[in-house]
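These notes concern the structure reproduced below.
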Amino acid sequence: MSEPIPRATQILRAGHWIERTAKDTVTLDFDDRFRRRKRYTGERGTDFLLDLEDAQVLRHGDGLLLDEVGGVILVRAAPEPLIEVTAASPDHLLRLAWHLGNRHLPCELRGDRILIREDHVIEAMLRGLGATLAKVSAPFQPEGGA
């Protein structure tokens with residue numbers, strides 16, 4: 001009979017634990033970092049079940065505390081294909097952000113630019129509004145909901 005798979009039921013937020021003590025690491029895109037329950041295998045082979053009460057966003061540098069067996073799994077945000085949105089002025093960028101928010105799109109706000117997922121319809125809208133777009137590969141960490 002096989003042993004039960006370890007469960008991760010608690011998130012240790014980035015900066016509130018020591019990363020170098022992690023027993024393993026998972027590198028995940030945004031979709032796999034916004035879960036309640038899913039089985040993962042770490043880069044060193046640790047199988048575990050993420051088993052949270054509610055779906056939560058796992059951020060780069062967070063730790064997942066393993067029940068029973070102990071130890072922490074380090075979460076890394078994987079680079080993914082994104083669109084970098086820039087504008088001619090801060091006011092213009094603010095208007096672009098409003099249009100994206102009006103469509104309830106996940107957006108990462110970085111002061112002088114906005115990162116979104118690739119979407120040809122949204123990209124056409126943004127070009128029509130005068131935005132400058134560039135394809136980039138970066139970890140995606142959009143703003144959380146209110």
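Would you say Gly130 is small (Gly, Ala, Ser), farther than 21 Å from Phe30 by Cα and outside any helix (DSSP H, G or I)? In short, yes. So, Asp24, is that one under 18 Å from the mean Cα position of the chain (by Cα), modelled with pLDDT of 95 or more, surrounded by 15 or more Cβ atoms within 10 Å (Cβ to Cβ) and charged (D, E, K, R) or not? Spelling it out, it is not the case that Asp24 is under 18 Å from the mean Cα position of the chain (by Cα), modelled with pLDDT of 95 or more, surrounded by 15 or more Cβ atoms within 10 Å (Cβ to Cβ) and charged (D, E, K, R). You will find that of Asp62, Asp31, Asp67, the residue that is open to solvent by less than 30 Å² (accessible area, probe 1.4 Å) and farther than 18 Å from Ala131 by Cβ is Asp62 and no other.
Would you please name the residue that is nearest to Ala22 (Cα to Cα), looking only at residues in segment 70-81 that are open to solvent by less than 60 Å² (accessible area, probe 1.4 Å) and under 12 Å from the mean Cα position of the chain (by Cα)? Per the criteria, the residue is Val75. Scanning segment 97-125 for residues that are surrounded by 13 or more Cβ atoms within 10 Å (Cβ to Cβ) and more than 24 Å from Phe34 (Cβ to Cβ) turns up just one, Met125. The test for being touching a strand residue (DSSP E or B) at 6+ places or on another chain (Cβ under 7 Å), open to solvent by less than 50 Å² (accessible area, probe 1.4 Å), within 24 Å of Val75 (Cα to Cα) and not β-branched (Val, Ile, Thr) does not hold for Ala131. Pick from segment 5-21 the residues that are in a loop (DSSP other than H, G, I, E, B) and touching a residue at least 40 places away in the same chain (Cβ under 8 Å): which of them is surrounded by the fewest Cβ atoms within 10 Å (Cβ to Cβ)? Applying the filter and picking the extreme gives Gly15.
When segment 34-50 is filtered for residues that are assigned to a loop (DSSP other than H, G, I, E, B) and either open to solvent by less than 80 Å² (accessible area, probe 1.4 Å) or among the acidic types (Asp, Glu) (or both), the ones remaining, listed by number, are Gly42, Glu43, Gly45, Thr46.
For Asp91, the test of being farther than 30 Å from Leu133 by Cα and open to solvent by 30 Å² or more (accessible area, probe 1.4 Å) is failed. In summary, no strands (runs of 3 or more DSSP E) completely within segment 51-92 bear 2 or more residues that are basic (Lys, Arg) and within 29 Å of Met125 (Cβ to Cβ).
The values are calculated or read from the model by the stated rules, or taken from the named source; none is laboratory data. Just so it is clear, the structure is predicted and the values come from calculations on it, not from any experiment. Glycine also receives a Cβ, built like all others from the backbone with ideal geometry; neighbour counts cover every protein chain displayed. SASA here: full protein model, heavy atoms, side chains in, ligands and nucleic acids out. Shrake-Rupley method; radii C 1.70, N 1.55, O 1.52, S 1.80 Å.
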